[in-house]
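Following: one structure in structure tokens, then a few remarks.
None of the figures in this text is laboratory data; all of them are computed from the coordinates on show. For clarity, every value in this text was computed on a predicted model and none was experimentally measured. Here the Cβ positions follow ideal geometry from the backbone for every residue, glycine too, while neighbour counts run over all protein chains shown.
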Amino acid sequence: MVYIKHLFIGSLLLICMVGLAQESPVKKLISKKQFDILFPHRDALYSYECFIEATKKFPTFATEGSELQNKRELMAFFANIAHETTDGWPEAEGGPYVWGLVYKEEQACLKKPCPVYNTGGSSNYKPVEGKNYYGRGPLQLTYAYNYGLAGDDLQLPLLEHPELVTSNGTVAFEAALWFWMKPQKPKPSCHEVMCGKWIPTAKDIAMKRKPGFGMTINIINGGLECNTNEKEVSDNRRERIGFYKWFCKKMDIPTEADCDCRVMGNYK
């Protein structure tokens, strides 16, 4: 059984080089040349080929809305993963928005293991001894229960081998797309709020929640970044919005009039 497991793990390292015969509809929205323009300093883990391969597991990603909605969803996904992995700053060479997809791991946890993430909570996904579940990949997958649930949904041994998210580019993007596509009640999915499938309830309307990019921020980190003017967290929010507007401009895509979540009620 140990030999079989090692064969399986080894095969994952080749995943970007196989399965390319099946076309992904996302290729019509973003070419390799355009991807290179948006992420010129990206880590080698985050290749265009691995991103396209990962989208095949999520056939409704950036395909269920109008042409404009699909393009905005793709840019919204890119904006959030760029913020989560950026090495940019206002005076950086080329500006702050060309430095997305630089980091593979949560930098604060490289010297210290950040044991706060090693919990399964009330789920059945308990941490494996010797493994750490700090942020990894484009959307910084964290906590043992998220690794376990994502692993089950993706049919990957992420609870046993969380390092797959930083050693295999396709797995890295699959983990990020998994979070993007999966509703976590009472939150809708980021996909639903960008493609037009989410209909705000009366409570949502009262909390000033509405479809669009601002709502993706609310879903991902609204507890810290939305409904506040506190400088540090509002800077994070503004950086996400900055990436979104910059990416859309580069791709000649008009953004919504309001991309912010500053006045949105967050989820408790």
**Item:** Dipole magnitude of segment 105-174 about its Cα centre (Cβ charges: Lys, Arg +1; Asp, Glu -1), debye to nearest 20
**Value:** 280 debye
**Fill in**
Length gained, residue 208-residue 110, 0.36 nm per residue minus C-alpha separation, equals 31.5 nm
**Request:** Stick to the Cα atoms of the chain, pair each with every other, and give me the Kirkwood hydrodynamic radius in Å at one decimal.
**Result:** 19.0 Å
**GNM result for the chain, Cα springs below 10 Å: residue of 208, 131, 185 fluctuating most strongly** = 185
**Message:** Can you list residues from other chains, or at least 5 along the same chain, whose modelled amide H is less than 5 Å from the amide H of residue 187?
**Reply:** none
**Residues 53, 93, 73 arranged by fewest to most Cβ contacts within 10 Å** = 93, 53, 73
**Fill in**
Expected max-MSF residue from 50, 195, 109 in the GNM of the chain (alpha carbon, under 10 Å) is 109
**Complete:** Note on segment 105-174: contact order normalised by length, alpha-carbon pairs under 8 Å, 6 or more apart, percent, works out to 28 percent
**Message:** Please enumerate, by chain and number, the aspartates and glutamates with C-alpha under 12 Å from the C-alpha of residue 203, excluding those fewer than 8 residues away in the same chain.
**Reply:** none
**Request:** Determine the calculated [θ] at 222 nm for the chain from helices alone, applying -39500 (n - 2.57) to every DSSP H run no shorter than 4 residues and normalising by the residue count; nearest 500 deg cm²/dmol.
**Result:** -13000 deg cm²/dmol
**Request:** Just report the Cα centroid separation between segment 147-197 and segment 239-268, whole Å.
**Result:** 22 Å
**Request:** Towards the positive end of the charge dipole of the chain, with charges on Cβ (+1 Lys, Arg; -1 Asp, Glu), say which of 265, 78, 118 has the farthest Cα.
**Result:** 265
**Prompt:** So which of 185/249; 32/245; 27/182 end up more than 28 Å apart by C-alpha?
**Reply:** 185/249
**Message:** Quick check for me: using +1 on Lys/Arg Cβ and -1 on Asp/Glu Cβ, what's the dipole size of the chain about its Cα centre, in debye to the nearest 20?
**Reply:** 520 debye
